[in-house]
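Quick notes on the structure that follows.
The values are calculated or read from the model by the stated rules, or taken from the named source; none is laboratory data. Predicted model only: the values in this text are computed from it and were never measured. Backbone-built Cβ (ideal geometry, glycine too); neighbour counts: all protein chains shown.
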Amino acid sequence: MSTSLARIAAGLQPRGDALPPAPWRDPYEAASADVAAYIAELEAACAAHPRSADLRVCLGIAHAVNYDVYHSMDALEEARTLDPENFWARIKYAELHSRLGVLDVAEQETRRAVDLAQNPLQLALARKQLKDIRDRKRTSVRNVAWTKPLVAPALVLAAMLVLIFVANTWR
């Protein structure tokens, strides 16, 4: 582990409203070994502080930087469960859904984050994210809600396939 990462890992204790720092400035430039080491340190810190939503937010972000969507989603959902009023848990959970294309959930969570913003920076960040999500909903992204049952179309398709099979075997 690099010395800078070791210094950062030593400071992973939750500090009020501040989140622990990440060992990289640009997530696209982060070395995968450094990210994996940081994730291991965050997981240990989460085990030591099981009620810290901030540490779980950081863990979710680190998993997202490591392109591990499922673990990122799990960590952010746990952070939201631990502290439903946590701005960063809401905004990052919404951002992940936005990147996955689940824009209805992203918009709902971002609206909640707007309500939870405690300073102008958080409010501006949440409003910009909300604007981006609404722009994407209006323009190119189709957000299909699977609310209708698919039993009838599936039965019709199965019947058609059976008829085609019978017609082909009868010849």
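The residue that is surrounded by the most Cβ atoms within 10 Å (Cβ to Cβ), among those in region 83-110 that are in contact with a helix residue (DSSP H, G or I) (Cβ under 6 Å, 6 or more places away or on another chain), hydrophobic (A, V, I, L, M, F, W, C) and over 18 Å from Leu59 (Cβ atoms), is Ala106.
Table: residues versus (1) of a type outside the set (Lys, Arg); (2) within 18 Å of Gln129 (Cβ to Cβ); (3) modelled with pLDDT under 90.
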residue: Ala37; (1), (2), (3): yes, no, yes
residue: Leu55; (1), (2), (3): yes, no, no
residue: Ser72; (1), (2), (3): yes, yes, no
residue: Arg90; (1), (2), (3): no, yes, no
residue: Tyr93; (1), (2), (3): yes, yes, no
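In region 128-151, the condition of being touching a residue at least 12 places away in the same chain (Cβ under 8 Å), out of contact with any Gly (no Cβ under 9 Å at 6 or more places or on another chain), surrounded by 14 or more Cβ atoms within 10 Å (Cβ to Cβ) and of a type in the set (A, V, I, L, M) is met by at least one residue.
Listed by position, the helices (runs of 4 or more DSSP H) inside region 91-171 whose residues that are within 22 Å of the chain's Cα centre (by Cα) number at least 2 are 103-116, 120-138.
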